[in-house]
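Written below as structure tokens is the structure these notes are about.
The values are calculated or read from the model by the stated rules, or taken from the named source; none is laboratory data. These numbers were taken from a predicted model, which means no experiment stands behind them. All Cβ positions, even for glycine, are placed from backbone atoms using ideal geometry, and neighbour counts span all protein chains on display. Note: accessible area is taken over every heavy atom of the protein model, side chains too, but ligands, DNA and RNA are not part of it. Shrake-Rupley method; radii C 1.70, N 1.55, O 1.52, S 1.80 Å.
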Amino acid sequence: MSSRIHERQPSSPVERILICHPRLPEKCLNGKSLSEDAGIEEIAQQIFLYAPAEAAADQTNNNNDWREAVQFLGLCLALYTLPSSLKNGETTKEVYLGKSTLIFVPLEQNGEILAAIQIRRGGGNPLAVRQSIEKWHSLFEMFHGGGVLHRLKQKRNDGDDDGTIIDNSNCIYPGLDQWYSLQKEIRKHKTKQSRLSSNAEEDYTKLQEQIDQWSSELEQLEQQLPNESIRQDLASHYNEYFDNLSLVTSRQGGGLRCLVDCIPAPIAQQSGIHTVQSSPSLLSNEIVSKLKTDMQHILLQEAHQPLLFGISTFCLGHLVQLDFFGGNDGGSHFVTGITAETVTTIMGYMASYRIKLQQQNAAHGQANNMTSPLRFGKIASSLAYNYQGHADQPSSSFASQNESPSGGSFLVPPPSFMMSGSEGTNNQSSIAIQNEQVAWAPKLNLSIKSGEEETEQTSKSARVLLYTVADFSFLIFLHEQEQQEGLDLQSDAGLRDMISNVLVSVRNKMDAAVMTSQIMSPPPPTSPGSNKDPVPKPNLLLGEPGVDFILIDRKQHELTLFTERKAVTSSSSPSSKKLQGNVASPRKLFGFMPAPKMTVHPSSHRQDETKAISQSSLEWSVLGLDCRHRLASHLHLDVLLAFDDMMNDIATKKFSQGDNDDNDDDFTTAAAGGGSSSTARTKYVELCTCMTLGWVYGCANEDTELYAFFDNSTYVTVSDVQNAVKRIQNKVSLN
């Protein structure tokens with residue numbers, strides 16, 4: 001068995017991580033635990049990922065690795081279940097050790113998978129660590145067959161005739177009960193061998209023959225079990241997580257801080273505005289209602305085809321509407337259970353490759369003029385600028401070639417070198433549309449909540465396409481059926497034609513819906529040098545002088561972030577240094593970012609500032625960073641720690657209020673300035689902290705949260721802060 005991942009980068013605050021299934025033996029042994037004489041192999045079977053500390057990363061002996069992993073597993077399970085001895089069902093959230101913190105994160109269905117992360121003391125906030133791991137593991141569930149539990153529960157098809165020895169009927173995880181049984185019998189026979197006298201050679205030989213037979217069956221069984229492939233996929237997936245974390249940490253972008261990991265990520269925009277700010281939606285309620293009606297009408301019209309089952313609409317990175325149709329089960333109704341967070345995560349994933357393709361296409365001309373191709377090592381898939389072996393490819397190979405008469409287009413399949421190892425081989429699949437046009441259709445596993453309280457989860461395979469027209473983007477969800485083997489089956493011409501016809505029909509109807517919405521509300525003016533993303537109007541910037549503020553809509557999984565801090569570029573030109581003031585410039589991106597050629601004139605200061613922001617946006621967009629990281633890089637560490645405390649307090653108060661919903665007692669909220677008031681059954685929380693650097697403010701109302709940092713040179717008293725908060729609340733309608 002192997003679950004090793006590469007050595008941690010020096011800048012990463014994570015010392016080691018363990019992902020396991022604590023109750024795996026009990027699930028496979030009819031509720032019984034492993035015996036005390038169980039071997040390392042039996043205990044380690046419940047471990048699916050172990051990344052050791054840097055001090056242990058040089059070990060080369062696999063047995064030593066697993067011995068260390070088993071010891072760490074025992075420590076983690078003992079600490080995690082310690083509170084249950086006092087109160088049934090209670091578990092440990094985090095443990096503060098001498099030089100590190102051990103954080104526990106339940107994952108997947110009902111928390112049956114457990115992640116234990118050990119970080120150096122002060123290297124991150126436990127709440128941010130949990131949020132970060134939960135988000136990253138949700139991507140693993142999407143990209144790798146529905147997660148660990150779903151893959152363990154998959155049964156072999158009755159029609160398979162490939163020498164399988166797995167029995168589907170005896171265990172919730174087919175084959176693992178047989179594996180534990182064989183291990184137990186081999187262990188017993190080896191014990192008998194050790195007790196035989198020296199003259200019992202015949203008995204020893206018989207026992208050895210039986211052990212060899214069982215060992216052969218065990219080896220064959222391990223090849224058919226999904227455990228090893230799960231370990232390999234987890235190692236690849238979390239390798240990328242640690243690479244990204246090291247990059248954010250090296251840029252002082254707020255890695256494992258609540259200001260970054262506890263708020264939704266903005267969806268990447270082609271203009272790069274997502275690296276500067278995240279603005280509110282500009283659509284009126286009338287347009288939103290019309291688009292919702294149009295999308296539902298499209299789903300109803302295509303209900304006769306057993307392919308289309310969902311459409312999600314976005315406008316400039318904001319979720320407008322998500323509709324999923326239940327026609328495939330014989331009914332004709334719209335279903336719920338797929339959350340806004342899920343579709344927003346998918347949109348962010350698809351949009352990131354849209355940006356990569358755009359940057360690759362724009363930078364291809366520069367690559368042809370280089371004397372040697374650029375090589376970027378581990379983060380080549382994130383940067384999408386690895387020209388090795390691609391310098392002679394035409395620029396059109398990376399461009400979108402699926403434009404409709406209205407100018408809309410499907411996202412084309414990214415080149416293989418852009419795809420990271422964590423995303424699986426299925427995500428390079430494509431679907432033919434018409435006239436030799438192709439659209440990227442990665443296979444994802446959607447987590448669907450069901451039941452009265454939506455506590456039950458099921459997994460559904462689907463193909464997802466991204467169609468963009470004007471300022472609108474649409475995620476199109478197609479049923480993934482096992483017999484279709486990926487929806488792009490080359491031998492089934494009828495299936496290809498049916499898919500093509502459905503996509504063309506849906507595309508034309510979406511174009512008509514967008515055209516109608518543009519007539520109802522003409523688009524706002526665009527930013528200089530961009531014909532895609534509009535600049536929000538001044539009254540929608542929600543800005544206050546000397547204020548950095550964040551508005552979060554948890555229900556819609558949306559972020560509004562505004563700051564007046566200047567963009568930081570890697571340019572060394574005098575004009576850009578003048579714009580930056582005393583802010584230190586980050587290093588160049590492997591020398592890739594050239595100094596912009598700008599002529600400085602008194603009348604062109606605004607043009608220079610626009611170019612500086614554009615330069616910074618490109619650099620941060622290439623690195624996969626956004627406005628959250630940019631804001632965190634400007635704030636003092638003490639301010640980040642204050643936001644950590646603020647968000648933890650608000651999360652705790654909201655959770656405690658939610659538990660008391662059925663009580664008749666009034667809720668007590670902490671008001672700005674330290675006072676308290678009693679309000680009848682309200683879910684409003686408000687906190688404010690005064691620091692030498694400024695004021696840190698936070699409030700939460702139902703699913704909406706507002707956080708802000710006020711410069712104490714502008715806002716001197718708590719009254720100044722409260723007045724500014726009221727103005728912001730009036731603009732965002734946070735009552």
(request) Provide the packing ranking of 311-322, 233-244, 202-213, i.e. peptides ordered by the mean count of other C-beta atoms within 10 Å per residue, highest first. (result) 311-322, 233-244, 202-213
(message) If packing is taken as the average count of other Cβ atoms within 10 Å, what order do 438-449, 173-184, 719-730 fall into, highest mean first?
(response) 438-449, 173-184, 719-730
(request) Taking 7 Å along the Cα-to-C-beta vector as the label spot, tell me the residue 212-residue 732 distance in nanometres, rounded to one decimal. (result) 7.2 nm
(request) Using a 1.4 angstrom probe on heavy atoms only, work out the carbon and sulfur share of the accessible area of the stretch 184-273 in %. (result) 43 percent
(request) Could I have the simple spin-label model distance between residue 720 and residue 648, label points 7 Å from Cα toward Cβ, reported in nm to one decimal? (result) 2.9 nm
(request) Please give the per residue accessible area of the stretch 681-723, computed with a probe of 1.4 Å over protein heavy atoms only, in Å². (result) 42 Å²
(request) Could you quote the convex hull projected area for the stretch 152-266, Cα atoms only and averaged over all directions, in nm²? (result) 13.3 nm²
(request) Give the shape of the stretch 217-292 as rounded, prolate or oblate, defined through the alpha-carbon gyration tensor: a ≥ b ≥ c are the square roots of its eigenvalues, a/c under 1.5 means rounded, and otherwise the shape is prolate if a/b is larger than b/c and oblate if not. (result) oblate
(message) Give me the 1.4 Å probe accessible area per residue for the stretch 102-222, excluding ligands and nucleic acids, in Å².
(response) 49 Å²
(request) Could you rank the peptides 135-143, 72-80, 500-508 by their average count of other C-beta atoms within 10 Å per residue, with the highest value first? (result) 135-143, 500-508, 72-80
